[in-house]
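The structure under discussion appears below in the form of structure tokens.
The values are calculated or read from the model by the stated rules, or taken from the named source; none is laboratory data. Please read these numbers as outputs of a predicted model, since none were measured by experiment. For neighbour counting, all protein chains shown are included, and Cβ atoms are generated from backbone atoms with ideal geometry for every residue, glycine included.
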Amino acid sequence: MKYLSEYRDGRVARALVAEIKAAATRRWVLMEVCGGQTHTIVKQGLDEMLGDVIEMVHGPGCPVCVTPLEQIDKALALAARPDVIFTSFGDMLRVPGSDCDLQQIRARGGAVRIVYSPLDALELARKTPDKQVVFFAVGFETTAPANAMAVWRAKELGVDNFSVLVSHVTVPPAMTALLAAPDNRVQGFLAAGHVCTVMGWTEYEPIAAKYKVPIVVTGFEPLDILEGMLLAVRQLEEGRHEVENQYVRSVRRDGNQPAQDLVSRVFELVDRSWRGIGPIPRSGLGLREEFAAFDAEKRFDLAGIHTTEPAECRAGDVLRGVLKPFDCPAFGKACTPEHPLGAPMVSSEGACAAYYNYGRFRSAV
Amino acid sequence: MTTIACPIPAAATDRVQLGHGSGGKMSAALIRDRFLPHFANDVLSQLGDAAVVDIGGQCLAISTDTFVVQPLEFPGGNIGSLAVHGTVNDLAMMGARPQWLAAGFVLEEGLPFDVLDRIVAAMADAARAARVLLVAGDTKVVERGKADGVFINTTGVGLRTPDFGPAPARARPGDAVIVSGPLGCHGIAIMTAREGLAFEAEIVSDSAALTPLVERLRKRVGNAVHALRDPTRGGLASALNEIAAAARIGVVLDETALPIPGPVAAACEMLGFDPLYVANEGVLVAFVPEAQADAAVAALRSHALGRSAVRIGRAVAAHPGMVVMETAIGGTRVVDMLPGDQLPRIC
């Protein structure tokens, strides 16, 4: 397929693997930030091909995995209301809340719909004026512009039966939190290409400088990731710590300015809890005061829902890259995609699901 | 000794969810836990595409299937043609020659007659082409809102001779794995029609009766055809997992050999789906010993439906019950059954 098969060429991949091995004089620890990259790595077996020179740790960039339990419980409460049509991206449906998930709410009669775009949810609200349509606005900077657009349009059109349950998070504060942790082992990052398509990479320059880590903005296809690894390894071997851009076909230094403008007009930085990681100051996006009318948490009474993150859950260690999914005692036994114990086993971007779906063969032989 | 358990409770299921209809692990569990304990008998327990019963030297194959597709009409067919093809193919996969069909219709109040007429006409055309007679039928009408336009159940009966008996459990290490045509067309045609998505090239459902392909395989390689399956709901991945489990063999797929049309691959990339799990309605997968594989591919290619038949992998003795794929890039991955429905990804 054009623009995809070129980036999945086995011959070029083998050449890149050889180049990485030739460049590395020791084993380096790299983290890919984004869950989409985790899946490519495990699905294609890249970690296995390079295991002797690179240890990949899988970062917290799975929006489904890091959405806090309290927000999931609020979503479940909203979806169960008879006056609400609850809309969401598909893979939020199976994320376990405190006692059930959205699929089960739907089986019990709740109106839960999968949408591909928040604008579809807005359209649904316009078509069903007698119902309240709530959209679950989760994700990183990648999904923020479209979600901001939906709220912006709702205000412009006066669609007063539309609202959003916001649980947006941003990447740089999470990277900083990981690097500042005393048990950090990560020596270099593959930054999330699609986040940077929106935001550019200027935010990462002070992080690379302060913590002396190479950060390579990287795409999602196998050859993108191999090239990102090569650039990171070269920097480490040469003692450099810069922000480099592998994903040149998509990312510019300043990102997508109109998208950033829209996001900052609708959202502002707020403190946010991350599932499995805990609260990180100014790491999330919340609706600005002038859009408060579209905030589902203000429109509906959700004040009674306070769920504390279970402190002993190992999913947090997986999301911080301290624990490999295979090393979790529950992995593949008590915790499977059919009965996920933690969010990383649910989402197709979650590290545990990636290992379970694609990697079991390797652990078995 | 301390045990570490993730304290987030697993959600318990006390009622039917949509995922139970996906053809994946939840569907298998539904049948295993809710139906088999009540109905278990030697014929049903085979869990083949069709049941095979011996009535004094002659073998009858019996299969039933219910169709609830939305939209009712889609590029390449409608629920009527699909209801014939689905059941005819289930019989053909057991090596039977389909003979008779019975059909039940649940009609929703308000269904326009012109839609119904088109569905019934397509059904009749499909039955004629597959050389089966519709010999019994029933209609029921329910209130508006109690059904989605029309639901159709078809039950088929076919005849099987002792000299040709493909069955999942007969697949053997050393078999070549062959598919008869491009993968993913039906599921993506339905999905794009349902979501109102438009792609440059229209994707048309492959819905068709597979009987002519099975006939050609029978004539060319006969009972060396160890196993046949039409990878419908749950896609190729689920069909291969079922065969691997039934025969206690491993399956190794070659990613570069999979016939996935460009538009299907593009739609799957956009929608966040894996084409290995997308439904087909006019494709079969065959397990044939390596020595007969070329003949089987040639037999399939001699018919228009099988023009792009191709070898996609092999059965092995290692990792029984597990399907793995050698990726284009040189790695390996497990191709498991999905728990429930494929859920589109966030980004």
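Can you tell me which residue is surrounded by the most Cβ atoms within 10 Å (Cβ to Cβ) among those in the stretch A:22-58 that are more than 14 Å from chain B (Cβ to nearest Cβ) and assigned to a helix (DSSP H, G or I)?
Taking the candidates together, the pick is A:Ala23.
Residue-wise test of (1) polar (S, T, N, Q); (2) at pLDDT 95 or above; (3) not assigned by TED's automatic domain parsing to the domain that holds A:Ala343.
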| residue | (1), (2), (3) |
| --- | --- |
| A:Asp254 | no, yes, yes |
| A:Ser264 | yes, yes, yes |
| A:Pro279 | no, no, yes |
| A:Glu289 | no, yes, yes |
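Cβ-Cβ distance below 6 Å, separation of 6 or more or different chains: which pairs start in the stretch A:113-128 with a residue that is on the phi < 0 side of the Ramachandran plot and end on one that is of a type in the set (Phe, Trp, Tyr)?
So the pair list comes out as A:Pro118/A:Phe135; A:Ala121/A:Phe135; A:Leu122/A:Phe162; A:Ala125/A:Phe162.
Considering (1) within 10 Å of chain B (Cβ to nearest Cβ); (2) crowded, with 24+ Cβ neighbours inside 10 Å; (3) of a type in the set (A, V, I, L, M, F, W, C); (4) farther than 30 Å from A:Ser5 by Cβ, say which one A:Cys100 fails and leave the rest.
Among (1) within 10 Å of chain B (Cβ to nearest Cβ); (2) crowded, with 24+ Cβ neighbours inside 10 Å; (3) of a type in the set (A, V, I, L, M, F, W, C); (4) farther than 30 Å from A:Ser5 by Cβ, A:Cys100 violates only (2).
Going by the conditions given, is B:Gly196 touching a residue at least 40 places away in the same chain (Cβ under 8 Å) and either in contact with a Leu (Cβ under 9 Å, 6 or more places away or on another chain) or not aromatic (Phe, Trp, Tyr) (or both)?
No; evaluated as a whole, the condition is false for this residue.
Let's see how each residue does on (1) under 19 Å from B:Gly24 (Cα atoms); (2) more than 14 Å from chain A (Cβ to nearest Cβ); (3) buried (at least 22 other Cβ atoms within 10 Å of the Cβ):
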position	(1), (2), (3)
B:Met191	yes, no, no
B:Ser207	no, yes, yes
B:Ala244	yes, no, yes
B:Ala247	yes, yes, yes
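What are the pairs, 6+ residues apart or on separate chains, where a residue within the stretch A:246-266 that is in a helix (DSSP H, G or I) has its Cβ under 6 Å from a residue that is not hydrophobic (A, V, I, L, M, F, W, C)?
Qualifying pairs under 6 Å: A:Ala259/A:Pro145; A:Leu262/A:Pro145; A:Val263/A:Pro145.
Go through the stretch B:294-337 and give me each residue that's at the interface with chain A (Cβ under 9 Å from one of its Cβ atoms) and either more than 27 Å from A:Asp9 (Cα to Cα) or of a type in the set (Gly, Ala, Ser) (or both).
Answer for the stretch B:294-337, where residues must be at the interface with chain A (Cβ under 9 Å from one of its Cβ atoms) and either more than 27 Å from A:Asp9 (Cα to Cα) or of a type in the set (Gly, Ala, Ser) (or both): B:Ala318, B:His319, B:Ala328, B:Gly330, B:Gly331.
Filter the stretch B:175-189 down to residues that are under 17 Å from the mean Cα position of the chain (by Cα) and either without any contact (Cβ under 8 Å) to a residue 12 or more places away in the chain or over 14 Å from B:Pro275 (Cβ atoms) (or both), then give me how many there are.
Number satisfying all stated conditions: 3.
Which residue, of B:Ala291, B:Ala286, is under 17 Å from the mean Cα position of the chain (by Cα) and more than 10 Å from chain A (Cβ to nearest Cβ)?
Numbers: B:Ala291 fails: under 17 Å from the mean Cα position of the chain (by Cα).
Testing whether each residue is under 17 Å from the mean Cα position of the chain (by Cα) and more than 10 Å from chain A (Cβ to nearest Cβ) leaves just B:Ala286.
Out of A:Asp224, A:Asp254, A:Asp295, A:Asp301, report the one residue that is over 22 Å from A:Pro118 (Cβ atoms), surrounded by 14 or more Cβ atoms within 10 Å (Cβ to Cβ) and among the charged types (D, E, K, R).
Residue meeting the stated conditions: A:Asp224.
Go through the stretch B:259-274 and give me each residue that's assigned to a helix (DSSP H, G or I) and either surrounded by fewer than 23 Cβ atoms within 10 Å (Cβ to Cβ) or modelled with pLDDT of 95 or more (or both).
Hits for the stretch B:259-274 are B:Gly262, B:Pro263, B:Ala265, B:Ala266, B:Cys268, B:Glu269, B:Met270, B:Leu271.
Considering only the stretch A:336-351, how many residues are closer than 21 Å to A:Glu70 by Cβ and either modelled with pLDDT of 80 or more or not in a loop (DSSP other than H, G, I, E, B) (or both)?
Total satisfying the criteria: 3.
Return the only residue of A:Val138, A:Val166, A:Val84 being surrounded by 20 or more Cβ atoms within 10 Å (Cβ to Cβ), β-branched (Val, Ile, Thr), more than 10 Å from chain B (Cβ to nearest Cβ) and out of contact with any Lys or Arg (no Cβ under 9 Å at 6 or more places or on another chain).
That would be A:Val166, the only listed residue that is surrounded by 20 or more Cβ atoms within 10 Å (Cβ to Cβ), β-branched (Val, Ile, Thr), more than 10 Å from chain B (Cβ to nearest Cβ) and out of contact with any Lys or Arg (no Cβ under 9 Å at 6 or more places or on another chain).
Mind listing just one residue for me: the one in the stretch B:25-69 that is out of contact with any Gly (no Cβ under 7 Å at 6 or more places or on another chain) and within 14 Å of another protein chain (Cβ to nearest Cβ) and, of those, surrounded by the fewest Cβ atoms within 10 Å (Cβ to Cβ)?
Step by step, filter the stretch B:25-69, then rank; the result is B:Asp33.
Are any of the residues in the stretch B:175-187 among the small types (Gly, Ala, Ser), closer than 24 Å to B:Leu72 by Cβ and away from every other protein chain (no Cβ under 14 Å)?
Scanning the stretch B:175-187 turns up at least one residue that is among the small types (Gly, Ala, Ser), closer than 24 Å to B:Leu72 by Cβ and away from every other protein chain (no Cβ under 14 Å).
Of the residues A:Val195, A:Val233, which is in a helix (DSSP H, G or I), in contact with a helix residue (DSSP H, G or I) (Cβ under 7 Å, 6 or more places away or on another chain) and within 14 Å of chain B (Cβ to nearest Cβ)?
The conditions single out A:Val195.
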